[in-house]
Each structure stands twice: as structure tokens, then as C-alpha cells.
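These notes concern the structure reproduced below.
The values are calculated or read from the model by the stated rules, or taken from the named source; none is laboratory data. Just so it is clear, the structure is predicted and the values come from calculations on it, not from any experiment. Cβ coordinates were reconstructed from backbone atoms using ideal geometry, including for glycine residues, and neighbour counts include every protein chain displayed. These accessible areas exclude ligands, DNA and RNA; they are computed on the full protein's heavy atoms, side chains included. Shrake-Rupley method; radii C 1.70, N 1.55, O 1.52, S 1.80 Å.
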Amino acid sequence: SWGTTSSSITESLPANNPPSVSNLAITPNGDVSTADSFTLSYSFYDSDGDQEGPTQIRWFVDGSQSTSHNDLKTIPSSSTTIGEVWTVEVTPHDGTETGQMVQCPDSVTIVEMDSDSDGVPDSQDEFPNDPSETTDSDSDGVGDNGDEFPKSIIIEDASEIIFDSNVLFHPSFY
């Protein structure tokens with residue numbers, strides 16, 4: 001008769017600790033023009049020395065998750081609309097363990113473009129590429145700041161001009 005002997009070997013695998021993320025930042029943040037993209041950065045840490053695995057990046061627009069932007073670090077300007085507020089959260093993964101979700105303290109508010117950075121949005125700026133001019137009160141193509149006569153009147157038909165020095169040189173024209 002045959003006898004049975006059983007043996008067991010106890011092995012212990014080293015514990016795998018979950019990873020973490022820190023130093024989350026969106027650049028640029030705050031008010032961001034419709035012409036600019038913005039990028040998430042963060043520091044990944046794993047006490048076991050594991051490499052970063054499929055870390056989850058979740059973007060939110062006005063508080064609702066934007067699934068079409070899952071796992072992207074950069075949001076292109078073509079994905080944004082004036083008035084939106086963007087936030088992001090990151091859940092680290094090391095290929096084995098999932099770490100704690102961390103919300104980025106930064107946010108982005110999409111604002112209208114101001115090409116010349118003069119504080120006036122391009123849609124309201126008659127000179128969107130000139131930071132020293134925003135208005136042309138007399139529509140002569142010269143901005144008020146550089147116009148010798150910013151409130152002058154352009155007369156199209158000179159055949160009916162009545163010269164009256166009280167009108168032509170009235171202080172309200174200057």
C-alpha cells in the first residue's frame with residue numbers, strides 16, 4: 001500500500017502599499033483664455049518603488065465629469081467654452097494597488113480672449129492687437145489715445161457744409 005504524505009511550504013509575499021500623488025497643479029490656472037490649453041502636473045510616489053500604472057485623471061466642467069477627457073493631462077483650447085469652470089482629480093495606481101483620490105486645489109475659468117492683454121476682451125476692443133488702444137470714438141481708424149482729435153466728425157459730402165465757427169470749434173469736439 002502506498003502512503004500519502006503532504007507537505008506545505010509557507011511563502012509570504014511582500015506587502016504592496018498603495019501609491020500616492022501630491023503637488024497637483026494646473027498650468028495656467030485661474031482665468032484662462034479660450035485660445036489657451038492647460039495642463040495638469042503632479043508627483044507620483046510609491047513606497048515600494050513600483051512604477052506608475054494606469055493612474056486615473058478625471059476632469060470636471062462646471063461640476064460634471066467630462067468623460068471625453070478622462071486620463072488626459074492637457075486640455076486643448078478647442079475643448080473649452082467661455083464661462084466654464086474646470087477642475088480635476090487624480091487617483092494613483094501602481095499596476096497593483098489603487099491609492100487615494102486627490103483633488104487638485106487649482107481650477108480654470110475660461111474667459112474671452114484678450115490678445116493684447118490690455119484688460120479689454122477682443123470682442124469689445126477696436127484694437128485687439130494694440131495694448132495702448134481700445135476705442136476709436138470717431139471711427140477714423142486711429143485709436144482715441146493716439147488721435148489728435150478723438151471726437152472729430154468725418155463729413156462725407158462737403159457740398160452742404162455751413163461754416164459756423166461756433167460749431168466747428170465747439171469744445172465738445174475735443
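Counting only C-alpha contacts under 8 Å and six or more residues apart, can you give the relative contact order of the chain as a whole percent?
Numbers: 307 pairs, mean separation 32.6, N = 174.
Dividing the mean separation by the residue count of the chain yields 19 percent.
Name the residue, out of Gln103, Gln56, Gln124, whose mean-square fluctuation peaks in a Gaussian network model built on the chain with Cα pairs under 10 Å.
In the Gaussian network model the winner is Gln124.
Accessible area per residue, 1.4 Å probe, Å², for the chain: what's the number?
On the way: 11520 Å² over 174 residues.
So the chain comes to 66 Å² accessible per residue, rounded to a whole number.
With semi-axes √(5λ) of the Cα gyration tensor in Å as the read-out, I listed (1) 28, 19, 16; (2) 69, 13, 10; (3) 35, 22, 16; which label goes with the value calculated from this structure?
Among (1) 28, 19, 16; (2) 69, 13, 10; (3) 35, 22, 16, the one derived from this structure is (2).
How many nm separate the modelled label positions at Glu11 and Asp140, each set 7 Å beyond the Cα in the direction of the Cβ?
Label-label distance for Glu11 and Asp140, simple model: 9.0 nm.
Residues with amide H under 5 Å of Gly53's amide H, sequence separation 5 or more or different chain, H placed in the peptide plane at 1.01 Å from N; which?
Placed amide hydrogens put His93, Asp94, Gly95 under 5 Å from Gly53.
Taking a probe of 1.4 angstrom, what is the accessible area of Met113 in Å², to the nearest 10?
Ignoring ligands and nucleic acids, Met113 comes out at about 70 Å².
Longest exposed-loop-site-free stretch of the chain, with GluC sites (Glu not before Pro), DSSP loop and at most 11 other Cβ within 10 Å? Walk me through the numbers before you get to the answer.
Details: sites that count: Glu11, Glu148, Glu156.
Answer from the scan: 12-147.
If the only charges are +1 at each Lys and Arg Cβ and -1 at each Asp and Glu Cβ, what is the size of the charge dipole of the range 19-83 around the Cα centre, to the nearest 20 debye?
Working: 2 positive and 8 negative charges, 43 e Å.
In total the dipole reaches around 200 debye.
Heavy atoms only, probe 1.4 Å: what % of the accessible area of the chain goes to carbon and sulfur, would you let me know? It would help to have the intermediate numbers written out before the result.
Details: 5670 of 11520 Å².
With neighbouring chains kept in place, the figure for the chain is 49 percent.
Compute, for Phe149, the solvent-accessible surface of its heavy atoms (probe 1.4 Å) with the complete set of protein chains present, and express it in square angstrom to the nearest 10.
Approximately 90 Å² for this residue.
Once you have the Cα-Cα distance between Met113 and Phe149, take 0.36 nm times their residue separation minus that, and quote the gain in nm to one decimal. Walk me through the intermediate numbers first.
Values: separation 36, 0.36 × 36 = 12.96 nm, distance 2.95 nm.
The span from Met113 to Phe149 would gain 10.0 nm if fully extended.
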